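Encoded as structure tokens, the structure appears first; notes follow it.
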Amino acid sequence: MTYKISFSRTALKFYFDMQPKQFKQMARALYELTQDPFPEDSRELKGYAGFYRKDAGEFRVVYGVEAECVLVDVIDKRNDDEVYKSFKRRR
């Protein structure tokens with residue numbers, strides 16, 4: 001089964017503002033999520049049932065899965081906690 005990708009407004013803006021190399025890494029990671037939304041390298045977020053994180057190069061994706069859709073909520077750098085702060089503000 002192939003899942004569809006849906007972006008939050010902020011995640012979509014961040015995605016299209018990426019440099020070409022990072023954009024390609026992220027595109028590959030997002031494609032992999034359409035094939036398997038629960039890969040071995042993803043982890044469920046503590047305190048946020050149904051939301052997961054996945055690394056893509058130097059970036060992290062926070063997403064949820066509903067029916068046949070991967071909902072990308074936040075994309076940000078993975079070397080700091082800003083991705084989680086951004087996610088918490090949206091919740």
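Miscellaneous remarks
- Between Phe7 and Val72, the built amide H atoms are under 5 Å apart, and every one of these is 5 or more places off in sequence or on another chain.
- Relative contact order computed over the chain (Cα-Cα under 8 Å; 6+ residues apart), in percent: 30
- Carbon + sulfur, % of accessible area of the chain - ligands and nucleic acids excluded, 1.4 Å: 48
- Multiplying the residue separation of Lys85 and Glu44 by 0.36 nm and removing their Cα-Cα distance gives an extension gain of 13.2 nm.
- Considering only Ser42, Gln25, Val72, the residue lying farthest towards the positive end of the dipole of the chain is Val72, judged by Cα position with unit charges set on Cβ.
- Averaged per residue, the chain has 66 square angstrom of accessible surface, using a 1.4 angstrom probe with ligands and nucleic acids left out.
- Within a Gaussian network of the chain (alpha carbon springs, distance under 10 Å), most fluctuating of Glu68, Glu40, Glu58: Glu40
- The phi-based Karplus calculation (6.51 cos²θ - 1.76 cosθ + 1.60; θ = phi - 60°) puts the 3J(HN,Hα) values of the stretch 52-57 at 10, 10, 9, 8, 9, x Hz, whole numbers, x for Gly and Pro.
The values are calculated or read from the model by the stated rules, or taken from the named source; none is laboratory data. None of the values given here were measured: they were computed from a predicted structure. Cβ coordinates were reconstructed from backbone atoms using ideal geometry, including for glycine residues, and neighbour counts include every protein chain displayed. Heavy atoms of the whole protein, side chains included, go into the accessibility calculation; ligands, DNA and RNA do not. Shrake-Rupley method; radii C 1.70, N 1.55, O 1.52, S 1.80 Å.
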